[in-house]
Amino acid sequence: MEVITLAFMQRALIAAILTGLVAPAIGTYVVQRRLSLLGDGLGHVAIAGVGLALLTHTSPLPVAVVVCVAGAVGIELLRERGRATGDVALAVLFYGGLASGVLMAGAAGQGAGTLSNYLFGSLTSVTASDLVIVAVLGVVVLIASVGLAPQMFAVCADEDFARVLGLRVRAYNLLIVVLAAITVTTAMRTVGLLLVSALMVIPVATSQNLFKGFRSGLYGAMGIGVVVALSGVFGSFYADVPPGAFIVVLAIAAFAVSWPITSWRHRRRPLASVDEVEPLPHEPTPEHEHVHGPGCGHRVVEHGDHVDYVHDGHRHVAHADHYDEH
Amino acid sequence: MSVIPVVVDDLNVSLGGLPILRDVSFAVEQHEVVALLGGNGSGKTTLVKALLGLVPHQSGEIAIFGTPLAQFHAWSQIGYVPQRASVSLHTTTVRELVTSGTLSTRRPFTRLSRAGKARVSEVIERVGLTKKADDAFVHLSGGQQQRVLIARALVSAPPLLVMDEPFAGVDLATQQRLADLVRSLHDDGMAVLVVLHETEVFEPLLSRAIVLREGRVVKDGVLETHDHGHEAEPPGGTVRIIEEVRPWR
């Protein structure tokens with residue numbers, strides 16, 4: 001365990017813990033909005049930010065955060081106004097961001113080797129100042145993802161219902177993509193811009209296989225994210241491969257292990273009966289002198305194993321010495 | 001307090017330049033159960049969405065509990081039951097979905113109070129799903145899912161319930177259960193506006209029906225019944241027979 005005494009590994013491990021917590025946390029909402037590939041598109045936009053930073057000789061992380069957040073807001077506004085379908089918007093993000101990033105990096109005299117540190121992660125590239133930015137932004141994303149979970153859950157599950165609740169749906173939708181953009185860029189040192197989307201989506205899917213309920217799934221995904229991110233960083237150190245690849249392969253392995261568990265659970269679950277609900281409260285009709293029967297002149301409605309009689313806003317059936325409303 | 005829950009006056013709605021609702025006027029009084037009837041494309045769902053502010057209107061007035069829609073913020077007074085809920089995280093439980101109905105009165109970064117949790121359990125019990133409260137929503141039958149959506153709308157104890165085709169894809173026996181549930185809510189004093197394709201099991205509950213055709217109100221009145229001399233006329237003697245309702249029955 002000498003490895004954890006190394007300063008660069010300590011920084012990489014702290015960054016991995018934060019990324020492992022944050023990526024699946026915001027990923028839970030991204031998956032729920034059926035935008036699983038949003039992280040991938042934002043990763044490509046962040047590449048433009050890295051290229052711009054290399055071109056202007058500034059620190060890549062802050063520039064990438066700003067560019068990626070701006071791209072995320074733009075794409076959400078386009079999506080909201082219906083001027084671009086989700087697919088087209090993501091395609092613009094993919095190719096525009098990647099192409100401009102590579103162009104600017106090339107113009108700055110940086111080759112593919114430099115960019116690959118940001119695309120797949122690099123243990124040695126996490127600087128102390130990077131770690132401060134990752135920690136601050138990571139805590140912000142975590143507080144929002146957990147503290148606003150009820151509101152963001154409602155918006156992702158049913159936008160119309162959320163509006164009728166009086167929630168600021170547009171603001172929450174924007175918040176989700178901005179938090180996703182921040183997450184993508186802060187993860188570029190560990191899991192990398194091209195693979196971060198996997199850490200946003202796969203732990204969420206794995207957690208869905210293991211835990212019941214939205215909130216349990218959220219915390220479960222964060223736990224799985226931390227385990228695979230930390231394991232991936234250690235694995236990357238010993239295998240001398242980019243950490244992003246190791247983390248994602250571990251995440252997929254965890255998902256594969258969880259798959260039979262959910263299948264087993266589904267087999268054990270009894271088939272739901274259409275009528276499998278408790279009866280509604282027994283409600284007698286007050287004072288009913290008329291006796292219903294065939295030919296009494298009231299409308300008859302078949303109801304399960306009996307018939308109800310309809311009149312004067314009532315639909316009821318005889319029960320012992322009284323009538324019950326049905 | 002005798003504020004009319006819904007007043008729509010001369011409403012016009014166009015979507016994508018296409019007129020959907022034309023000069024629509026109607027009201028839902030307190031303690032009324034009003035059906036919105038009409039064929040496919042008649043504008044029923046658009047009307048419901050317009051009066052909830054979910055689609056913009058080009059002209060006309062909408063007032064909810066006496067407040068113009070643009071100034072209306074007391075959203076806990078409206079319970080909205082959409083046709084269906086799109087729940088993509090398949091482990092979301094009934095209790096979690098119903099709990100989201102508390103958000104009209106909850107501030108961000110606050111936990112649900114003990115009273116709030118009790119209210120969630122109470123409405124789940126009311127719709128007869130206590131044993132299913134911690135089950136995944138997507139594993140329920142269509143009728144049970146509809147009950148969950150009703151429970152979610154009821155959490156804030158709203159005086160107005162707006163339901164958009166609650167019977168879509170639901171078998172007859174379950175329709176009767178849902179109608180029973182709505183009857184008990186109406187008995188508690190709730191006003192109900194419900195979009196229906198067919199009146200059928202809802203018919204005994206309806207105070208009034210509004211028929212839309214091509215975006216216009218073509219009929220608004222009390223349904224004719226099959227009773228023979230037993231039906232009491234509503235106050236004011238404003239009974240109107242809606243012949244056009246029959247084709248949808």
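Worth pointing out:
- Per residue solvent-accessible surface (Å²) - chain B, probe of 1.4 Å: 42 Å²
- Summed over the residues of the stretch A:2-268 and divided among them, the accessible surface reaches 39 Å² per residue at a probe radius of 1.4 Å.
- Loop-resident trypsin sites (Lys or Arg not before Pro) (DSSP state other than H, G, I, E or B) in the stretch A:118-225 with no more than 14 further Cβ atoms inside 10 Å of their Cβ: A:Arg168.
- Restriction of the chymotrypsin sites (Phe, Trp or Tyr not before Pro) in the stretch B:71-155 to DSSP coil positions whose beta-carbon has at most 16 other beta-carbons within 10 angstrom yields B:Phe109.
- Against the empirical 2.2 N^0.38 Å (N residues), the stretch A:2-268 has a Cα radius of gyration ratio of 0.98.
- Distance in nm between pseudo-label sites at A:Trp264 and A:Asp240 (7 Å out along the Cβ direction from Cα): 4.0 nm
- Neighbouring Cβ atoms from other chains, within 10 Å of the Cβ of residues in A:209-215, number 5 on average.
- Ordering of B:172-182, A:44-54 by packing [mean C-beta count within 10 Å, highest first]: A:44-54, B:172-182
- Rounded if a/c under 1.5, otherwise prolate or oblate - the stretch B:113-188, Cα gyration tensor axes: oblate
- Beta bridge orientation in the stretch B:6-248: antiparallel %, DSSP, nearest 5: 55 percent
- Amide H within-cut-off set for B:Val81, under 5 Å, with H built and near neighbours excluded: B:Val162, B:Met163, B:Asp164
- The mean of 1/r over all distinct Cα pairs in the stretch B:6-248, once inverted, gives the Kirkwood hydrodynamic radius of 18.8 Å.
- Buried area at the A-B interface (accessible, heavy atoms, 1.4 Å probe, summed, Å²): 5000 Å²
- With the convex hull drawn over the C-alpha atoms of the stretch A:27-140, the volume per residue is 111 Å³.
- Computed from the C-alpha gyration tensor, the three semi-axes of the ellipsoid equivalent to the stretch A:111-254 are 30, 18, 12 Å, from longest to shortest.
- Averaged over B:105-116, number of beta-carbon atoms from partner chains that fall within 10 Å: 2
- Relative contact order of the stretch B:28-127, pairs being alpha-carbon contacts under 8 Å that are 6 or more residues apart, as %: 15 percent
- Less than 5 angstrom separates the built amide H of B:Val192 from those of B:Glu32, B:Val33, B:Val34, B:Leu161, all sequence-distant by 5 or more or on a different chain.
- Length gained on full extension, A:Ala318 to A:Ala256, computed as 0.36 nm times the residue gap minus the Cα-Cα distance: 16.6 nm.
- Peptide B:98-104 is shielded by partner chain Cβ atoms: per residue, an average of 6 of them sit within 10 Å of its Cβ.
- Cβ-Cβ distance of A:Ala91 and B:His90, R₀ of 22 Å, FRET efficiency by 1/(1 + (r/R0)^6): the value works out to about 0.20.
- Cleavage-rule hits, trypsin sites (Lys or Arg not before Pro), the stretch A:1-103, DSSP coil, Cβ neighbours within 10 Å at most 11: A:Arg81, A:Arg83
- Contact order normalised by residue count of the stretch A:2-268, Cα under 8 Å, 6+ apart, percent: 32 percent
- With θ taken as phi - 60° and the Karplus curve 6.51 cos²θ - 1.76 cosθ + 1.60 applied, the whole-hertz 3J(HN,Hα) list for the stretch A:36-41 is 4, 8, 4, x, 5, x Hz, x standing for glycine and proline.
- Approximate spin-label separation A:Arg81-B:Thr105, in nm, with each point projected 7 Å along Cα-to-Cβ: 3.9 nm
- Split the accessible area of chain B by element, probe 1.4 Å, and carbon with sulfur accounts for 50%.
- Residues in the stretch A:202-207 carry Karplus couplings, in order, of 5, x, 5, 5, 5, 5 Hz; the curve used is 6.51 cos²θ - 1.76 cosθ + 1.60 with θ = phi - 60°, and Gly or Pro positions show x.
The values are calculated or read from the model by the stated rules, or taken from the named source; none is laboratory data. Model, not experiment: these values are computed from the prediction. No Cβ is skipped: glycine too gets one built from the backbone with ideal geometry, and neighbour counts run over all protein chains shown. With ligands, DNA and RNA removed, areas are computed over all heavy atoms of the protein, side chains included. Shrake-Rupley method; radii C 1.70, N 1.55, O 1.52, S 1.80 Å.
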